[in-house]
Amino acid sequence: MMTQVRSRRVTLGLGVLLASSMLSRTAPAKPEDAQPGTSLTGQLLVATPEMGDPRFQRTVVLLVRHDKDGALGIVVNRPLDEVPIAKLLSALGRNAQGVEGQVRIFAGGPVQPEIGFIVHSPDYRRDGTVDIDGRVAMTTSPDVLLDIGRKAGPSKSLIAFGYAGWGPGQLEGELASGGWFTTREEPKLVFDADRETLWNECLKRRTIPL
């Protein structure tokens, strides 16, 4: 049953993988759009042991946008399955010739699980690349998958379906109530750390100031 659920989830996402209209809204806020000194864009949002929402228990979220209009983040420690890159590209109607390897798919959050996102290292740029904080970025074009499969993509990447979203002031309220804390984003935590132990690793940083 779990395999069927995973396969269905991936299939649903293929048709809109890296939808430009969604990713364009994840760009960091302009200075005039954010409240001075309060934007958490680029931070890791970590669920505390007191988190009451079962959807987010023991999650680590990369905040890709936080401004006066709310926040959007990608959960980075809930892997679902591994999928051949060629299969993803074929489903998108792209020529997968010369493409090798597999990518791990993550559950990025409970909102719109049919939408795909690629978070990656900043050594890769093309049209549609959105810089998050100078250390991680996103790219809107599905061609990033082609480049990854041909060993010409970013050195690090993470593919997720769905996202976590908050309305204006909602995340601030959840932080104040103790459901979350934030810590500095580090690429090794986003891309390299063991997903099974990432939450515990971040929990150790609870008292480290931003």
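The values are calculated or read from the model by the stated rules, or taken from the named source; none is laboratory data. Since this is a predicted model, take the numbers as computed values, not measurements. Please note: Cβ atoms are built from the backbone with ideal geometry, for glycine as well, and neighbour counts cover all protein chains shown.
Observations on the model:
- The residue pairs whose first member lies in region 107-125 and is at pLDDT 95 or above, whose second member is polar (S, T, N, Q) and assigned to a strand (DSSP E or B), and whose beta carbons are closer than 6 Å, counting only pairs six or more residues apart or on different chains, are 120/157.
- Pairs meeting the criteria (first residue in region 143-165 and of a type in the set (Lys, Arg), second residue part of a helix (DSSP H, G or I), beta carbons under 8 Å, at least 6 apart or on different chains) are 156/187; 156/190; 156/191; 156/192.
- Verdict on residue 14 being at pLDDT below 50, touching a helix residue (DSSP H, G or I) at 6+ places or on another chain (Cβ under 7 Å) and buried (at least 17 other Cβ atoms within 10 Å of the Cβ): yes
- The condition of being closer than 21 Å to residue 124 by Cα and small (Gly, Ala, Ser) does not hold for residue 167.
- Entry remark, region 167-192: residues being farther than 27 Å from residue 104 by Cα, of a type outside the set (Asp, Glu) and surrounded by fewer than 19 Cβ atoms within 10 Å (Cβ to Cβ) number 10 in total.
- Being crowded, with 18+ Cβ neighbours inside 10 Å, in contact with a Gly (Cβ under 6 Å, 6 or more places away or on another chain) and modelled with pLDDT under 95 is a description that applies to residue 160.
- Residue check, residue 79 farther than 20 Å from residue 197 by Cα, surrounded by 14 or more Cβ atoms within 10 Å (Cβ to Cβ) and modelled with pLDDT of 95 or more: no
- Check on residue 47, of a type in the set (A, V, I, L, M, F, W, C) and modelled with pLDDT under 95: no
- Scanning region 130-147 for residues that are under 17 Å from the mean Cα position of the chain (by Cα), surrounded by 15 or more Cβ atoms within 10 Å (Cβ to Cβ) and either within 22 Å of residue 96 (Cβ to Cβ) or not β-branched (Val, Ile, Thr) (or both) gives 133, 137, 138, 139, 140, 141, 142, 144, 145.
- Residue match in region 173-188 (condition: closer than 24 Å to residue 85 by Cα, of a type in the set (Val, Ile, Thr) and over 15 Å from the mean Cα position of the chain (by Cα)): no
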